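**Q** Before I ask anything, let me first share the structure, which is written out below as structure tokens.
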Amino acid sequence: MFCYQCEQTAKGEGCTKIGVCGKQPEVAALQDLVVYAMRGLSQVAVEGRKAGISDPEVNAFTSEAMFSTLTNVDFDPERFPPLLEKIVALREKLKAKVKAAGGKVDFPDGPADLALADSLEGLTAQGEKVGIQADTTTDRDIHALVWTVTFGIKGIAAYADHARILGKEDEAVYAFMHEGLAAALNKDLTLNDWIGLTMKAGEINLKTMEILDAANTETYGHPVPTKVPLGHKKGKAILVSGHDLKDMELILQQTEGKGITIYTHGEMLPLHSYPELKKYGHFYGHYGTAWQNQGKEFAEFPGAIIMTTNCIQKPKESYQANIFTTGLVGWPGVSHMADKNFTPAIERALALPGFAEDTNGKTVTVGFGRNTVMGVAGTVIEAVKSKAIRHFFLVAGCDGAKPGRNYYTEFVEKAPNDTVILTLACGKFRFFDKELGDIGGIPRLLDVGQCNDAYSAVQIAVALAKAFNIEVNELPLSMILSWYEQKAVAILLTLLYLGIKNIRLGPSLPAFVTPNVLDFLVKNFNIMPITTPEEDLKAILG
Ligand code: SF4
Ligand code: SF4
């Protein structure tokens, strides 16, 4: 196997024997085969569009298939053969339609012609031949961009899938996913072509996050500032992790009146701020922190646990019977609730002891999405003009297990009192419960939401720049980002597409970026690695 799609890749180079995330070589090969087969389906889809055909089933499935290969989503080898069979079946069905419309369907000797082996072993062997390192002839910088775009598409697929589940889709998003995946098969494309596709991935991700933002806020209302208890209530409990809002709604509906209290974990925390979710009386508090702490936190949770998407970790034996998956997430041996009937998890929660008593803990405030922040834009602008607010920091992105990620905790702790911290995604769990006070009533720590809400942060920056009649890069705003998986790659590409400069990125730079590509990023965007909180604060604030 060879995988270098995430930040924790082995030795900062690539996982070769087993994934640091727990991905086994068999699953790595099956996921490689999914990506390869999707390139073939994408070739046909690209030709289909030229002939006036865009197939809704193919489009929706593209998001699901690519999302399934994102870090920490699906570790279950048994889930991949049906997925692969569906890719080929949809491809052949689409070929027939495209052919009938006079389009090209002849792509010999490539993934559009791929015939699948009829066993798991056979599919694994096929996957081993088509992974990241299979292509040795392409220029290394182009190869790096092929995979940068591929990983960006995985992130886009995740956002597109969340939006589709809530009824929002965009043809341009699907068209680009197919264009970008098929492009890897076109050996005539130059480095400049690939730079263009990389920027386009950023542009399309912005559009995808925009439709997801619309899907979330039109379905569940705009987030409002909401205090979330970190303690718990006596009684039966279900902990919901992952990212999916619809799953949370269904879980809340199906548990209503059953005497079960619902808690969020990880990236589900911001869901407490959505009016149409917070209205449920048994939706109570937040338990635990970021994904990498699941082993300890899930083992101590006295109820059932539902993973709705990433980032699942290898369940410990002590809670294997308590954890359930739904949607695209999977772990071998963990009960999967494919039909959105959450009865197995509910029954498990009722059988488990639950919390023995009420425990009062701290509270955290969530719900500072674009609507809330723009609602107090006048106060914010005045505070900047009067110099009560000297600087904004967007300290955002993923968490992870590396000790170097303490940088983000220290950065927030050491940021001066006249600065405001905007945050989103699971990296915030390093500092989410810190009491940083306020500046003239504006909290110094503003939780914008999930990684999926990066669009909200972009809109806040754009609106502030507009209010001051300056460019975003001229704002007293610095981006201190942490990345881990491919949604973060997609967001980073969006920021580059928007021309955002001086991003500080950590805890390490992507392994899939070659020195020349990095040089391009530094020269054009002045992107830089984090150093120490003291040095970076000094460099930014002077
Ligand atoms: S997803 Fe990350 S940790 Fe897992 S195999 Fe790939 S590079 Fe390694
Ligand atoms: S922000 Fe990224 S790393 Fe964190 S839980 Fe979400 S998908 Fe996983």
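The values are calculated or read from the model by the stated rules, or taken from the named source; none is laboratory data. Computed from a predicted model, the values in this text were never measured in an experiment. Backbone-built Cβ (ideal geometry, glycine too); neighbour counts: all protein chains shown. The accessibility values were calculated without ligands, DNA or RNA, using every heavy atom of the protein model including side chains. Shrake-Rupley method; radii C 1.70, N 1.55, O 1.52, S 1.80 Å.
**Q** Only one of these conditions is not met by Thr71: (1) under 20 Å from Tyr174 (Cα atoms); (2) polar (S, T, N, Q); (3) surrounded by 16 or more Cβ atoms within 10 Å (Cβ to Cβ). Which number is it?
**A** Answer for Thr71: the failing condition is (1).
**Q** Further question: If you go through region 473-501, how many residues are open to solvent by less than 30 Å² (accessible area, probe 1.4 Å) and within 23 Å of Ala388 (Cβ to Cβ)?
**A** Of the residues in region 473-501, 4 are open to solvent by less than 30 Å² (accessible area, probe 1.4 Å) and within 23 Å of Ala388 (Cβ to Cβ).
**Q** Could we say that Thr226 is among the polar types (S, T, N, Q), within 24 Å of Leu269 (Cα to Cα), modelled with pLDDT of 95 or more and in contact with a Gly (Cβ under 6 Å, 6 or more places away or on another chain) here?
**A** Spelling it out, Thr226 is indeed among the polar types (S, T, N, Q), within 24 Å of Leu269 (Cα to Cα), modelled with pLDDT of 95 or more and in contact with a Gly (Cβ under 6 Å, 6 or more places away or on another chain).
**Q** Another question, if that's okay. Would you call Phe298 closer than 18 Å to Met337 by Cα, touching a Pro at 6+ places or on another chain (Cβ under 8 Å) and among the hydrophobic types (A, V, I, L, M, F, W, C)?
**A** no
**Q** Taking into account only those residues within region 123-137 that are in a loop (DSSP other than H, G, I, E, B) and surrounded by 15 or more Cβ atoms within 10 Å (Cβ to Cβ), which is farthest from the chain's Cα centre (by Cα)?
**A** Filtering region 123-137 for residues that are in a loop (DSSP other than H, G, I, E, B) and surrounded by 15 or more Cβ atoms within 10 Å (Cβ to Cβ), the one farthest from the chain's Cα centre (by Cα) comes out as Val130.
**Q** Sticking with this one: Cβ-Cβ under 8 Å, sequence separation 6+ or interchain: first residue in region 505-531 and aromatic (Phe, Trp, Tyr), partner surrounded by 13 or more Cβ atoms within 10 Å (Cβ to Cβ) and in a helix (DSSP H, G or I). Which pairs?
**A** So the pair list comes out as Phe512/Ala144; Phe512/Trp147; Phe512/Thr148; Phe512/Phe151; Phe520/Ile195; Phe525/Leu496.
**Q** For region 508-526, check the following and say yes or no: at least one residue is within 16 Å of ligand 2 (Cβ to nearest atom), at pLDDT below 95, open to solvent by 20 Å² or more (accessible area, probe 1.4 Å) and not acidic (Asp, Glu).
**A** The answer is yes; a qualifying residue exists.
**Q** Now for a different question. Quick check, is Tyr4 under 23 Å from the mean Cα position of the chain (by Cα), more than 10 Å from ligand 1 (Cβ to nearest atom) and not basic (Lys, Arg)?
**A** When the stated conditions are applied, Tyr4 does not pass them.
**Q** Shifting gears a bit: Could we say that Leu120 is open to solvent by 10 Å² or more (accessible area, probe 1.4 Å) and in contact with a Leu (Cβ under 9 Å, 6 or more places away or on another chain) here?
**A** yes
**Q** Any residue that is within 16 Å of ligand 1 (Cβ to nearest atom) and surrounded by 17 or more Cβ atoms within 10 Å (Cβ to Cβ) - is there at least one of those in region 424-439?
**A** Scanning region 424-439 turns up at least one residue that is within 16 Å of ligand 1 (Cβ to nearest atom) and surrounded by 17 or more Cβ atoms within 10 Å (Cβ to Cβ).
**Q** Let me spell it out: the conditions are (1) open to solvent by 40 Å² or more (accessible area, probe 1.4 Å); (2) in a helix (DSSP H, G or I); (3) among the charged types (D, E, K, R); (4) touching a Gly at 6+ places or on another chain (Cβ under 8 Å), and Lys236 meets all of them except one. Which number is the exception?
**A** (2)
**Q** Restricting the first residue to region 301-315 and requiring it to be within 16 Å of ligand 2 (Cβ to nearest atom) and at pLDDT 95 or above, which pairs with a second residue that is among the polar types (S, T, N, Q) and part of a loop (DSSP other than H, G, I, E, B) meet a Cβ separation below 6 Å and a spacing of at least six or different chains?
**A** If the second residue must be among the polar types (S, T, N, Q) and part of a loop (DSSP other than H, G, I, E, B), the pairs left are Ile305/Asn322; Cys311/Asn72; Ile312/Asn72.
**Q** Could you list all residues from region 456-471 that are open to solvent by less than 30 Å² (accessible area, probe 1.4 Å) and either within 24 Å of Gly506 (Cα to Cα) or among the basic types (Lys, Arg) (or both)?
**A** Ser456, Ala457, Val458, Ile460, Ala461
**Q** Looking only at region 430-448, count every residue that is out of contact with any Phe, Trp or Tyr (no Cβ under 9 Å at 6 or more places or on another chain) and either closer than 14 Å to Thr365 by Cβ or not in a loop (DSSP other than H, G, I, E, B) (or both) and tell me the total.
**A** Counting residues in region 430-448 that are out of contact with any Phe, Trp or Tyr (no Cβ under 9 Å at 6 or more places or on another chain) and either closer than 14 Å to Thr365 by Cβ or not in a loop (DSSP other than H, G, I, E, B) (or both) gives 11.
**Q** May I pose another question? Anything in region 400-414 that is among the small types (Gly, Ala, Ser) and either within 13 Å of ligand 2 (Cβ to nearest atom) or crowded, with 24+ Cβ neighbours inside 10 Å (or both)? List them, or say none.
**A** Gly400, Ala401
**Q** Exactly one of these conditions fails for Gly196: (1) crowded, with 20+ Cβ neighbours inside 10 Å; (2) among the small types (Gly, Ala, Ser); (3) outside any strand (DSSP E or B). Give me its number.
**A** (1)
**Q** Counting only residues that are within 16 Å of ligand 2 (Cβ to nearest atom) and closer than 18 Å to Arg504 by Cβ, which one in region 472-490 is nearest to the chain's Cα centre (by Cα)?
**A** This residue is Ala488.
**Q** To continue, here is another question. Taking region 10-24 as the search range and keeping residues that are more than 9 Å from ligand 1 (Cβ to nearest atom) and touching a residue at least 60 places away in the same chain (Cβ under 8 Å), which one is nearest to Ala89 (Cα to Cα)?
**A** Only one residue fits best here, namely Glu13.
**Q** Further, regarding this structure: Can you tell me how many residues within region 11-44 are more than 21 Å from the chain's Cα centre (by Cα), open to solvent by 20 Å² or more (accessible area, probe 1.4 Å) and more than 20 Å from Pro77 (Cα to Cα)?
**A** 3
**Q** Pairs needed: first member in region 430-450, more than 17 Å from Leu394 (Cβ to Cβ); second member anywhere, aliphatic (A, V, I, L, M); C-beta distance under 8 Å; at least 6 residues apart or different chains.
**A** Short answer, once both residue conditions are applied: Asp433/Leu230; Asp433/Val364; Gly440/Ala383; Gly440/Ala388.
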